[in-house]
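What follows is a short report on a single structure.
Where a number appears in this text, it was derived from the coordinates with a stated rule and is not lab data. Keep in mind it's a predicted model, so treat the numbers as computed, not measured. Using ideal geometry, Cβ is built from the backbone for each residue, glycine included, and neighbour counts are taken over all protein chains shown.
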Amino acid sequence: MSWTSLRIHPGGEREQVLAALFAAGAQGVHEDGDDLITHFPADTDVDAVVTAVRSAAPSASWDLGRSDDTDWSVAWRDRLRAHDVGLLTIAPPWLAEGLDPAHSVIIEPAMAFGTGDHPTTRGVVRLLQRQMSPGLVVADLGAGSAVLSIAAAKLGASRVFAIEYDGDAISNAELNVRANRVEGVVHVFEGDAGVLLPLIAPVDLILANIISSVLVELLPAMRRALREGGRAILSGILLEEKPAMLEALGADGWRVIEEDEEEVWWSVTVATR
């Protein structure tokens, strides 16, 4: 079977590109550096897919190619692997055999992005392990597959509010929560984080792996939602965006506690002054 390969460089609009691809029928997306790659059957109207991506992410660029004799609706799964991130292992279900359920986060990759394959996910999980203590109440903004919410639950959170704006991601998040048997701790909500945060406040810890422009918009709401002494872990920030993010954090009354870098991505733990 012949497939059309679509490689997209999303620039600073990764989430928008992913949403457009899945809405256009992509059955899987994998990463090659900063690029996002997916495959469509040869009879797909790829021009319409590109138009949808351009509409959602005007700064994105792309390349088309051909890939024969591979069923990419299945083969993309072979590119996923288990990731050991401190105390936890993040893995897809077909690589979960033999893992300790107490120290593993099993994620069924679907329309929601967040499998442990991306440096931003791993950055948050590394920082999370240095901030978590039993009984904390956590808010996970832009929860996607709920990977970070589940990680927080496995690390001892008493309650986790997984907030996701994209309705298409909710069923996958709920499936992953049930599969990891943390449904008594993790509660999935569909909606705008800026609207829902005041309703669940106060919380002890906020996780937000979102593009930097959205993070900046949410900083005041996050500050107001934290208990005294609370902290936030932010990711989805390119290293080249770090100076601008530090300026925004300072202007909103935050101080940096700890940083994490992997490849071109920066994650940071912050607290209010």
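Summarising the label geometry, the points placed 7 Å from Cα in the beta-carbon direction at THR272 and ASP32 lie 4.6 nm from one another. Distant-in-sequence amide contacts of VAL160, defined by a placed amide H-H separation under 5 Å and a gap of 5 or more residues or a different chain, comprise VAL138, VAL186, HIS187. With both residues required to sit in segment 159-268, DSSP beta bridges show an antiparallel share near 40%. Couplings 3J(HN,Hα) of segment 88-96, computed from phi: 10, 10, 9, 8, x, x, 6, 10, 8 Hz, in residue order, whole Hz [Karplus 6.51 cos²θ - 1.76 cosθ + 1.60, θ = phi - 60°; x for Gly and Pro]. Note on segment 26-51 and segment 204-273: Cα centroid distance 31 Å, given to the nearest whole angstrom.
Relative to the compact-globule estimate of 2.2 N^0.38 Å, the Cα radius of gyration of the chain comes out at 0.99.
Taking amide H as placed 1.01 Å from N in the peptide plane, the amide H of THR89 sits under 5 Å from that of SER104, VAL105, each at least 5 places away or on another chain. Taking amide H positions as modeled 1.01 Å from N, with prolines and chain starts lacking one, the residues under 5 Å from ILE257 and 5 or more places away or on another chain are THR269, VAL270, ALA271. Determine the sum of side-chain charges near SER133: Lys and Arg each +1, Asp and Glu each -1, restricted to other residues whose C-beta is under 12 angstrom from that of SER133. Here the count lands on +1. Mind checking the angle between helix 46-56 and the chain's longest principal axis? C-alpha axes, 0 to 90 degrees, to the nearest 10. Here the helix axis deviates by roughly 20 degrees.
Here the label points at SER133 and ARG227, each 7 Å from Cα along the C-beta direction, are separated by 1.0 nm in the simple model.
Could you list GLU174, GLU259, GLU240 in order of exposure, starting from the residue whose Cβ has the fewest other Cβ atoms within 10 Å? Spell out each step's value before the answer.
Working: GLU174 16, GLU259 13, GLU240 10.
Ordered by Cβ neighbours within 10 Å, fewest first: GLU240, GLU259, GLU174.
Charged side chains reduced to their Cβ positions (Lys and Arg at +1, Asp and Glu at -1) give segment 80-272 a dipole of some 640 debye around its Cα centre. What is the local net charge at VAL268, summed over the other residues whose Cβ is closer than 9 Å to its Cβ (Lys, Arg +1; Asp, Glu -1)? After counting each charged neighbour, the total is -2. Rounded to whole numbers, the Karplus 3J(HN,Hα) couplings from phi for segment 211-225 are 4, 4, 4, 6, 4, 4, 4, 8, 3, x, 5, 5, 4, 5, 7 Hz, using 6.51 cos²θ - 1.76 cosθ + 1.60 with θ = phi - 60°, and x at Gly and Pro.
Each Lys or Arg adds one and each Asp or Glu takes one away; over the other residues whose Cβ falls under 12 Å from the Cβ of SER213, this sums to -3.
According to the Cα-based calculation, Rg over Rh for segment 170-237 is 0.99, with Rh computed by the Kirkwood formula.
Shape of segment 193-270 from the C-alpha gyration tensor: prolate (a/c of 1.5 or more and a/b above b/c, with a ≥ b ≥ c the square roots of its eigenvalues).
3J(HN,Hα) along segment 173-181: 4, 5, 4, 5, 4, 5, 4, 8, 6 Hz, from the Karplus curve 6.51 cos²θ - 1.76 cosθ + 1.60 with θ = phi - 60°, whole Hz, x for Gly and Pro.
Of all DSSP beta bridges located in segment 80-272, what percent are antiparallel, nearest 5?
45 percent
In this simple spin-label model, placing a label point 7 Å from the Cα along the Cα-to-Cβ direction at both GLU259 and ALA244 gives a separation of 1.7 nm.
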